[in-house]
1. Just tell me how shielded B:55-62 is by partners: mean number of partner chain Cβ atoms within 10 Å of each residue's Cβ, no decimals.
2. Mind jotting down the three principal axis lengths of region A:1-96 based on Cα atoms? Whole angstrom, largest first.
3. Taking each label point as 7 Å beyond Cα in the direction of the beta carbon, state the distances from residue B:35 to the same residue in the other copies, shortest first, in nm.
4. Can you list the distances in nanometres, one decimal and ascending, from the residue B:105 label point to the identical position in each other copy, with the point 7 Å along Cα to Cβ?
5. For residue B:52 and residue A:72, FRET efficiency with R0 = 41 Å and r from the beta-carbon atoms, rounded to 0.05?
6. Find every distance from the label point of residue B:46 to the corresponding label point in the other copies (7 Å from Cα along Cα→Cβ) and write them in nm, one decimal, shortest first.
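Read-outs throughout are calculated quantities, based only on the coordinates presented, and are distinct from any laboratory measurement. Computed from a predicted structure; not experimentally measured. Neighbour counts run over all protein chains shown; Cβ positions are idealised from the backbone, glycine included.
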DNA sequence: CTGCATCCCCGATGATACTG
DNA sequence: CAGTATCATCGGGGATGCAG
């Protein structure tokens, strides 16, 4: 089924297709902070594969929420930013961030958020524990 | 990895775990309209399997955004509703609905939303087209 | 540096059947 | 009516390699 042919029953479904999934909201959230290059986004989003980042950005661009600027030069330089239209989502992304932190507080009593360095180490630790 | 042990880097990830995925936001959206019984939700969410609905509701309950009321009787009667805490999400769900419809307008020029009857038929038509 | 194709695996999901 | 368990499948997504 072509995505352009896909039908929906309620708007909620549509929005989920655009900003849902494992990575899109995280990518968009980083773009709220301003224009970013491909590898910059990759660094900001630990554990995302090169393939997935490229794929998700392509979909976000296709959906018009992200703009892609290709400085045609060697080595390649490409920048991504929120489109004017995509900026309508900033409010939601901020709310997600705020609500998510509050949720951890309510459920676990701590924020359970990690610094960059901790996180990478933690990934290893969790593999050990398997 | 136990979910209770999972670590996050930004609140956005947390919120996605709670209301993201293929079904949760849709289920929550229906609950905005008021308390619903299990089969009622199943009817409101075409194509969801019995198993998935049960599973997603269980997770939503565990995360504290949905309350489960079991009228201990035969035949069983169980109702679900948004918790006070879950009601903080109503604003976002409404925005999703609004933004999603607007998105279809902007991208395709029509709403591409279907009535209940149409939708079921359409599912068949799309299978044919494969 | 960025993008695309290929291979492959695992986990999410659906179908089905059974219980209270 | 609501919930659980089992099994089979399908596709998302990771790893890798190559191209511009």
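1. Values: counts 0, 0, 0, 0, 0, 0, 0, 1.
Counting other chains' Cβ atoms within 10 Å and averaging over B:55-62 gives 0.
2. Its Cα atoms span 46, 32, 28 Å along the three principal axes.
3. 5.5
4. Taking the point 7 Å beyond Cα along Cα→Cβ, the inter-copy spacings are 3.7 nm.
5. On the way: r = 46 Å, r/R0 = 1.13.
Efficiency, from the Cβ-Cβ distance: 0.30.
6. 4.4
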